[in-house]
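Peer 1: Supplied in structure tokens, the structure appears directly below.
FYI, it's all coordinate maths here, none of it is from the lab. All values reported here derive from a predicted model rather than from experimental measurement. Cβ placement follows ideal geometry from the backbone for every residue including glycine, while neighbour counts extend to all protein chains displayed.
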Amino acid sequence: MAGFDEIRQMIEMSSVIAVSAHTSPDGDAVGACCGLAMALKELDKEVIVLLEEYPESFDIIPTGGLVYHEMPEDFAPDLFIALDCGDVDRLGKNAELFKAVPNTINIDHHRNNTNFAKLNYAMEEASSASELVFMLLYGYAPIHEDIAAALYTGIIYDTGGFRHTSTTSATMAIASELMEYDFDFNAIYNRIFFTRKLGEAKALGIAMERVDTAFDGKVVHTYVTIEDMKKCGVGSDDLHEITGFIKGIEGSVATMFVYEKAPSVFKVSMRSEDEIDVSEVCAAFGGGGHKKAAGCTLEGNPEEIIKTVLKEIEKQF
Ligand SMILES: [Mn+2]
């Protein structure tokens, strides 16, 4: 693994720098890229951030006006920095551009990072790529309040607001350093975790109204139909809070959230604790995933589908 000194030297040698992260950018991808790019700008580098379109809620992350969705034609980087990517293919259409640039750096916190760059700094103990960007910049590049805000957002996003086990004392120390800068951390925290469209809240209400349990409360399930979504003016992308809500119900060891993808075609999204292997349950219906998070697709009506899947879950008790 390269050290930060080597990485800083490569940055020093470069003048035109592209920074990018994985496809379907999340809060850490956007925060880490923008934080790093704004700092490189402070070091008088010509720099852009290349990212796919991202959700509106991340508009709270300062960008310094550096974000592009396509590589500008006249921009010829001599250094390409990939953040938050375990693999070069996670860069999506920018993977080819990455491979064509003479100097490359990979800074990441995913397990089994493939060390795909010239210089690689992959540390799976880090909570987020944003945390690693802070460590790279600390004592090296000037940090201003917009950089601090971007990195703070990345850290809270990937740690679920300091809840996930990836949160370490180092994470908290870095967050503490960042909070020395004058930015509105309260507004960021609320925007990322507690702001939703009216329709999302209404769809959540429909799903909660329908919550039911099986096996003495151990399996919690609910569903949402296309008609419900229409009524609330939302799409299936706006239902992501539902799983979190049912997971928190006391006594539950597995959850099943069912939603209609196309008329009478339902996606079954399952989560579990150790007792149940949901990848096995979903595999029985041609789906798959991990032990604690898996999915499958079934046709029919939602209540029948739930009954069918429950029978498969029963085999594991
Ligand atoms: Mn990340």
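Peer 1: In the structure displayed, which of Lys267/Lys315; Lys99/Lys261; Lys197/Lys218; Lys118/Lys291; Lys247/Lys267 lie more than 25 Å apart, Cα to Cα?
Peer 2: Going by Cα-Cα distance, Lys99/Lys261; Lys197/Lys218; Lys118/Lys291 fall outside the 25 Å limit.
Peer 1: Let me ask something else. Rounded to the nearest 0.05, what FRET efficiency do Glu180 and Glu73 have when you use their Cβ-Cβ distance and R0 = 35 Å?
Peer 2: With a Förster radius of 35 Å, E is 0.30.
Peer 1: Helix 4-13 against the longest principal axis of the chain: what's the angle in degrees, Cα atoms only, rounded to the nearest 10?
Peer 2: Here the helix axis deviates by roughly 60 degrees.
Peer 1: Right, another one. If the chain between His290 and Glu241 were fully stretched, how many nm would it gain, using 0.36 nm times the residue separation less the Cα-Cα distance?
Peer 2: Stretched out fully, the His290 to Glu241 stretch lengthens by 15.7 nm.
Peer 1: Here's something else I'd like to know. Starting from the Kirkwood radius over alpha-carbon pairs of the chain, derive D by Stokes-Einstein at 37 °C in a medium of 0.692 mPa s and give it in µm² s⁻¹.
Peer 2: 155
Peer 1: Kindly express, to the nearest 10 degrees and within the range 0 to 90, the angle between helix 302-314's C-alpha long axis and the longest C-alpha principal axis of the chain.
Peer 2: Value to nearest ten degrees: 80.
Peer 1: Indicate, rounded to the nearest 5 percent, the antiparallel portion of the DSSP beta bridges found entirely in segment 176-317.
Peer 2: In segment 176-317, approximately 75 percent of DSSP beta bridges are antiparallel ones.
Peer 1: Given Cα pairs under 8 Å that are at least 6 residues apart, what percent is the relative contact order of the chain?
Peer 2: 12
Peer 1: Next up: So how much slack lies between Phe215 and Ser264, counting 0.36 nm per residue of separation and subtracting their Cα-Cα distance, in nm?
Peer 2: Using 0.36 nm per residue and subtracting the Cα-Cα distance, I get 15.0 nm.
Peer 1: Mind listing the long-range amide H neighbours of Val47? Cut-off is under 5 Å, sequence gap 5 or more, other chains count too, H placed in the peptide plane at 1.01 Å from N.
Peer 2: Close amide H contacts, sequence-distant or interchain: Ile17.
Peer 1: If you average the alpha carbon positions of segment 1-39 and of segment 52-113, how far apart do those two centres end up, in angstrom?
Peer 2: 8
Peer 1: After finding the eigenvalues of the alpha carbon gyration tensor for segment 4-193, what semi-axes result from the square roots of 5 times each, listed largest first in whole Å?
Peer 2: 23, 17, 16
Peer 1: Within straight cross-link reach of Lys202, meaning Cα distance under 18 Å, which lysines are found once same-chain residues fewer than 8 apart are removed?
Peer 2: Within reach: Lys230, Lys231.
Peer 1: In nm, what is the difference between 0.36 nm times the number of residues separating Asp5 and Ser57 and their Cα-Cα distance?
Peer 2: 15.3 nm
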